[in-house]
1. Which Cα, out of Ala122, Leu28, Thr112, lies furthest along the positive dipole direction of region 1-128 (beta carbon charges, K/R +1, D/E -1)?
2. So which lysines pass the test for Lys252, namely a Cα distance under 26 Å, with those fewer than 8 places away in the same chain ruled out?
3. Determine how large the accessible area of Glu97 is when every protein chain is in place; take a 1.4 Å probe and give Å² rounded to the nearest 10.
4. In the chain, if every C-alpha pair distance is counted and binned at 10 Å from zero, what percent goes to each bin?
5. In nm, to one decimal, how far is the Lys33 label point from the Asn148 one, both placed 7 Å along Cα→Cβ?
6. Quick one: putting +1 on the C-beta of Lys and Arg, -1 on the C-beta of Asp and Glu, what dipole do you get for the chain around its Cα centre, in Debye to the nearest 20?
7. With an 8 Å cut-off on Cα pairs and a minimum separation of 6 or more residues, tell me the relative contact order of region 182-320 in percent.
8. Under the 0.36 nm per residue contour assumption, what length would be gained going from the current alpha-carbon distance of Val100 and Ser286 to full extension?
Amino acid sequence: MAIIRIERAVYGVEDVAECTRFFEDFGLDPVRKSDTAVGASVELATRTGQIVELRPLDDPDLPAGVEPGSTIREIVWGVESQADLDRLHAELSRDREVTVDGDGVLHTVDETGYGIGFAVVAPQDSHDEDSQPIARPVNQHGDVRRWNAPIDPFGRVRPLRLCHVALNIPKEGRERATGFYLDRLGFRATDVVKPMGTFMRAEGDSDQHTMLLCHRPDRAGLNHTAYEVRDFDEVVLGANHMIEQGWREARKLGRHTVGSNVFRFVHAPCGGRVEYAADMDRADDSFETRVHETTPPHHIWTLQTNREQTNRDNDREGEA
Ligand SMILES: [Fe+2]
């Protein structure tokens, strides 16, 4: 019953229009607008067809939130086949209510109370009408991939994949909350950080982590959702664009220690933060779980600058 990817992230939000503008600026593609009992809902897509769904906070069709205000209400996981879905239905029905909606999607809750769903992975939607190659060749000494071609100016950043989600869970019961994903849903623990949380990879995914359950803040709530972009340039450019549109940076450019991904975070009006990510470690079943007694450094590096000081110095030089 391999879970392959995040298929859909469903938010309940105070201001659907503002959150729509946020994710459009972020680079997602609005694909559908619908009416709920209490107002409009909007769906936006990554370039590989995963959906971010924004629904009104008080939509009675939403699962309950684990925290008040705008936040994540459900993560729908994509599986390969209907047989996978049937096995999950049988497994989860042993100890919790599982409903099936008109589209055949399973819905239930995890041990913390987060809404979770399961759906057969939708056919890869083609959002490549701009014909941009997904991977841009990189020149490194000893491994030249881009001959006789300069880098063209970059267009708008459009996230390829919703690649991981980080959820906060209470310390109390964290083993049970984490065990649900590892023992019942087939996730593989990649890095267990005892004072902080567990990074885990969905069985059918190769990212070093598809999910982080983080108990450091000792409460349930959305930490962040992360979106893979093509490369380092797009991590920088995506967040630059968000800043230009008036959104607030949450964590400046850096490279994580666990997962090795380059990151840049932006505060999100839908709750938590969103992350532009690139160049994450990939892992398969030969990867052995690493257990950390203490929390590794958050990053290998982050951007440092003394440019503002230098500019003041330059200005003074210009005046002299
Ligand atoms: Fe992340």
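1. Going by the Cα projections, it comes out as Ala122.
2. Of all the lysines, those that pass the test against Lys252 - Cα under 26 Å, at least 8 places apart if same chain - are Lys194.
3. In the full protein context, Glu97 sits at about 140 Å².
4. Percent of pairs per bin, in order: 5, 25, 34, 23, 8, 3, 1, 0.
5. 4.8 nm
6. That gives a dipole near 760 debye.
7. Numbers: 240 pairs, mean separation 35.3, N = 139.
It rounds to 25 percent for region 182-320.
8. 63.5 nm
The values are calculated or read from the model by the stated rules, or taken from the named source; none is laboratory data. Note that the structure is a prediction, hence the values are computed from the model and not measured. Using ideal geometry, Cβ is built from the backbone for each residue, glycine included, and neighbour counts are taken over all protein chains shown. In case anyone asks, the SASA skips ligands and DNA or RNA and just uses the protein heavy atoms, side chains included. Shrake-Rupley method; radii C 1.70, N 1.55, O 1.52, S 1.80 Å.
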